[in-house]
Amino acid sequence: MTKKYNGEASGYPLREEGLRKRPRAGEILIQSILFFAGFFSIFTTLGIVYELGKEALLFFRTPEVKLWDFLTGTAWQPHINQFGILPLVTSTFITSAIAMTIAIPLGLAAAVYLSEYATEKVRKTLKPILEILAGIPTIVYGYFALMFVTPLLRSIFGRDVVEIYNMASGGLVMGILILPLVASMSEDALNAVPLALREAAYGLGATKLEVALKVVFPAALSGIAAAIIVGVSRAIGETMIVAVAVGAGPNFTFNPFRGAETMTGHIVRMSGGDLSYDSIDYNSIFAIGLMLFFITLTLNIISQRIVQRFREVYE
């Protein structure tokens, strides 16, 4: 029989105070900084929502504004009291959709190559080069869309088809801007997949392409979905490209070759004009900003649901 000894029986009584966690100044400082950062982020978000809601409430309290007409109206002409936000919303979604048709396939292809095919030396060279695209000022992208992409589209489809200011050129250049974001986040998600999954697939005779597309890609689907949602949010919130290249008229159209005005572009144009404070035009900016906030909030909630769902599958 094995004889058990406790601290007291062996003559060495255990000191309860010796097992307690000793406070360390460095850990307390780091914990305080992290708490302050989290509190500051939440406080800032609440402050933004408060200011947007306060100013937007002044807009909706105006007798000329009806909430239903604001959400379903197809004409945005404040000078004649028409405040239908659909022209701004549709142009925002059209430019974002065009951008994501560029960013998603090219970004995912770049991520798969960097994660599964490129050597370590090639990865360390190409990834910083790819991320340089994200560091270019967006105003430069805007003039690139206006001065290069628009003439190119007009030469291909015809000057009568493509207007000088159009949603297609802005959307295409936005896709180039968002591509590094999608590629970088997706590549990180692919690299996070355990090496054992790859080795097991290779052991069963799978090719590199089969491992990449049928094993690694599905296992990293939660992170890839989050990257796509973040990219969509980035496209919806983009300002300078659409302000320069898309147009300055809130037209209700689904033709990508026509000029229109996005929600962010309209906010830039109106805020830069000579609007009197507390006027209905001025307060409409905050109503549009509040709508943008709810759209991005909805996308973030969807992203969290997708990430949680697929994490449960692959844990």
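Computed extension gain for LEU126 through PHE252, at 0.36 nm per residue and net of the alpha carbon distance, reaches 41.2 nm. Scanning residues 5 or more positions from TRP76 or on other chains, those with amide H under 5 Å from its amide H are GLY84, with H placed 1.01 Å from N in the peptide plane.
May I ask you to order 53-59, 101-107, 39-45 by the average number of other C-beta atoms within 10 Å around their residues, highest value first?
Working: 53-59: 16.0, 101-107: 19.3, 39-45: 10.3.
Ranked by mean Cβ neighbours within 10 Å, highest first: 101-107, 53-59, 39-45.
Sorting MET270, MET185 from the fewest to the most surrounding beta carbons within 10 angstrom yields MET270, MET185. Please report the net charge: other residues with Cβ closer than 13 Å to the Cβ of LEU114, K and R +1, D and E -1. Every neighbour counted, the sum reads -1. Ordering ILE80, LEU52, VAL161 by the projection of their Cα atoms onto the charge dipole of the chain, which places +1 on the Cβ of Lys and Arg and -1 on the Cβ of Asp and Glu, puts LEU52 at the extreme positive end. Between the listed residues TYR117, ALA189, ALA225, the Cα displaced farthest toward the positive end of the dipole of the range 89-245, a dipole computed from Cβ unit charges relative to the Cα centre, is found at TYR117.
Non-local lysine pairs in the chain, meaning eight or more places apart or on different chains, with alpha-carbon distances under 24 Å, amount to 5. Relative to the longest principal axis of the Cα atoms of the chain, the long axis of helix 221-237 lies at roughly 30 degrees. Simple point charges give the picture: +1 on the Cβ of Lys and Arg, -1 on the Cβ of Asp and Glu, and for the chain a dipole about the Cα centre of about 1060 debye.
No lab work stands behind these numbers, since they all come straight from the coordinates. For clarity, every value in this text was computed on a predicted model and none was experimentally measured. FYI the Cβ positions are ideal-geometry reconstructions off the backbone, even for glycines, and counts take in every protein chain you see.
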